[in-house]
Amino acid sequence: MALGEQVYGYFIPTVNLMGVGASREVGNQVKVMGGTNALIVTDAFLAKSGMAGQIKEQVEAAGCRAVIFDGAEPNPTDKNVHDGLKVYQDNCCDMIISLGGGSSHDCGKGIGIVATNGGNIRDYEGVDKSRKAMPPFIAINTTAGTASEMTRFCIITDTDRYVKMAIVDWRVTPNVAINDPVLMAGMPPALTAATGMDALTHAVEAYVSIAATPVTDSAALMAIKLISENLRNAVANGGNMEARDKMAYAEFLAGMAFNNASLGYVHAMAHQLGGFYNLPHGVCNAILLPHVCQFNLIACPGRFAGIAAAMGENTGGLSVRDAADVAIAAIRRLSADVGIPTGLKGLGVKDKDLYIMAENAMKDACGATNPRTATMADIIDIYRGAMGESEEGGGSPGGEKKECCGDKPEDKAQCVAKEKENMYGVLRVNMSAKELKYEEVPQKYALLGGRALTSQLVLDEVPAGCDPLGEDNKIVIAPGLLSGTSAPSSGRLSVGGKSPLTGGIKEANAGGITSQKLASLGIKAVVLEGMPQGSDWHGIKITKDGAGLFNANDLAGK
Ligand SMILES: NC(=O)c1ccc[n+]([C@@H]2O[C@H](COP(=O)([O-])OP(=O)(O)OC[C@H]3O[C@@H](n4cnc5c(N)ncnc54)[C@H](O)[C@@H]3O)[C@@H](O)[C@H]2O)c1
Ligand SMILES: [Fe+2]
């Protein structure tokens, strides 16, 4: 949708206090808002450091009782929200003050929205699900990264699904946002770097977003400029108050941009890494950022050229396309300079989890405004590129790296190549692990095909008493023994498994050319086993080189 064809909103807290000493205003703000009993939501470190105690004293000096809840963990969870809510209710609180980085603010927002709307924090995943305003809310920021102190986003990990829920709701916008660089001066270099790169990611994703407007553009470009000029200094010398102050403005400007233009695949993908492995948000973003930019580049090279210029790169005389490349190189250099790890593999990310994370990333609300539309396979490719391995090192779960599934939207992480060109084998597809492998045909099955083979395999491998609709049942697909030859009427394809109706072995068969094709590809049988997580549909693509899974949601019901 182009500008001029729809209405764009602009969301921001009512009061925003910036600059050295801004946090000393908290007492006045509590008085203005009429709070009598505040819940201070923070994390264990900031409580122990004494920072939360200082804020509590200022709130109490303003005539408002205060109680500290220090249970906001990094990547805060639904459990943290509900623990905090209990403290809020037990102490009859009537306002919330979050103190910390994104985790404390998001936990406080989660508490606030459930306090007034009831239910469970999971009820609010999605866009504008609440019906009532939070209690009066002041957010005091201590990192220069997420901008959660001023956004309408609240990111909470669902501990059942290991997914970070994106709650996008204008009612979770704090009433007052305070950014005091003095509170940020104690951030160690690695935290400064990670949070600063998070802010850069916000600005870049907002600038290339399909929902960008001239208002968000100006904020995004200024944020990119300030981060490029000041992040290295802030990392090198945490006490450099000018660099800290500029970084505080930069993260706030980046927040102004993404709070309204939203984000893209970097965040959609980083949320999965945070939910799955509890990894630091800023580090995940920083690693993914150049890879997603590379993917997005053909959608908006002019925008990337603009980013290069905002980063202070000399793009004079370059074509737009070349200037766009300069932006990605500059992002990589900044990341390297401030010590961001080079790949996800070093953080413990495993190949086998890429499929489920990609599936969840495709559902994350942040992806909706990405400038280029990705398939599942694209997202997996981006994850794989960010793993930090050489081309040779990257491999499928089966250890093969050969492209085996042609150029269709296959999921390359979940494919297996044939070891021998003329192999005649059983293709086993484990849907729980999303793993495929070829097996030699056991001698006992050599003279079986079709119905005889499907039934024998079910008899041998499926426990007699299992639930036919449970994960122990298997579906076996086998061409007839003479399929793939010129023998007449030899093209039946048998499909067998334990029947939900009778509990016995049931077989059905079909004509057409599938059986002939499978047999001529050297497939004696395909054994489908296990049970996939989630509700997505999957397809299997089998070629002469190998086989792979792909997302088949677009085929469901057709
Ligand atoms: N709501 C939003 O708009 C939004 C946007 C982006 C990210 N997020 C979320 O924010 C979270 C990450 O927040 P974050 O990166 O600010 O980190 P964080 O809040 O998780 O804090 C990380 C660590 O830094 C410590 N810390 C915080 N301030 C410090 C200071 N001044 N000095 C020393 N240590 C300090 C904390 O105690 C904690 O141990 C993630 O859950 C992410 O998903 C939210
Ligand atoms: Fe972020």
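The values are calculated or read from the model by the stated rules, or taken from the named source; none is laboratory data. Keep in mind it's a predicted model, so treat the numbers as computed, not measured. Cβ placement follows ideal geometry from the backbone for every residue including glycine, while neighbour counts extend to all protein chains displayed. Note: areas computed on protein heavy atoms with side chains; ligands, DNA, RNA excluded. Shrake-Rupley method; radii C 1.70, N 1.55, O 1.52, S 1.80 Å.
Quick notes on this structure:
- Cut-off under 5 Å, modelled amide H: who pairs with L263 long-range: T369
- Cα gyration tensor of the range 305-387 - equivalent ellipsoid semi-axes, whole Å, descending: 28, 18, 10
- Net charge of neighbours whose Cβ lies under 12 Å from the Cβ of D460, counting Lys and Arg as +1 and Asp and Glu as -1: +1
- In plain terms, if you count all Cα to Cα distances in the range 460-513 and split them into 5 Å steps from zero, the share in each step is 4, 20, 25, 16, 13, 12, 7, 3, 0 percent.
- Accessible area (Å², per residue) of the chain, counting only protein heavy atoms and a probe of 1.4 Å: 41 Å²
- Neighbours of R332, meaning other residues whose beta-carbon lies under 15 angstrom from its beta-carbon, give a summed charge of -1 when Lys and Arg score +1 and Asp and Glu score -1.
- Accessible surface of the chain, 1.4 Å probe: 55 percent of it comes from carbon and sulfur atoms.
- Sequence ranges 64-77, 320-333, 171-184, ranked by mean other-Cβ count within 10 angstrom, highest first: 171-184, 64-77, 320-333
- Pairwise centroid distance, computed over Cα atoms, of the range 297-359 with the range 149-214, Å: 19 Å
- Surface accessible to a 1.4 Å probe, E435 within the full protein complex, Å²: 80 Å²
- Separation between Cα centres of the range 242-293 and the range 38-106, rounded to whole Å: 24 Å
- For the range 455-558, the normalised intensity computed at q = 0.12, 0.15, 0.18, 0.19 Å⁻¹ comes to -0.47, -0.73, -1.01, -1.09 (log10 of I(q)/I(0), Debye sum over alpha carbons, equal scatterers, no solvent).
- A simple charge model with +1 on the Cβ of Lys and Arg, -1 on the Cβ of Asp and Glu and nothing else charged puts the dipole of the range 438-530 at about 440 debye relative to its Cα centre.
- Extreme residue, positive dipole direction of the chain, given options T375, L231, T77 (C-beta unit charges): T375
- Sorting 520-530, 215-225, 145-155 by their mean Cβ neighbour count within 10 Å, with the most densely packed peptide first, gives 145-155, 215-225, 520-530.
- CD proxy at 222 nm, helix term only [per DSSP H run n ≥ 4: -39500 (n - 2.57); per residue of the chain; nearest 500]: -12500 deg cm²/dmol
- Rg/Rh for the range 15-184, where both radii come from Cα atoms and Rh is the Kirkwood radius: 0.93
- Local electrostatic count, V59, Cβ distance below 13 Å [Lys/Arg +1, Asp/Glu -1]: 0
- For the range 189-386, the spread of Cα positions along the three principal axes, ordered from largest to smallest, is 44, 36, 30 Å.
- Cβ charges +1 (Lys, Arg) and -1 (Asp, Glu), total dipole of the range 189-386, debye: 180 debye
- Computed packing ranks the peptides 447-455, 100-108, 6-14 as 100-108, 447-455, 6-14, most packed first, by mean other Cβ atoms within 10 Å.
- About the centre of its Cα atoms, the chain shows a dipole size close to 800 debye [charges on the beta carbon of Lys, Arg (+1) and Asp, Glu (-1) only; nearest 20 debye].
- Shape metrics for the chain, restricted to C-alpha atoms - Rg then Dmax, Å: 27.5, 94
- Counted over the range 163-203 with a bin width of 5 Å, the fraction of Cα pairs per bin, in whole percents, is 5, 15, 13, 23, 24, 16, 4.
- Ratio of Rg to Rh over the range 159-230 (Cα coordinates, Kirkwood Rh, two decimals): 1.02
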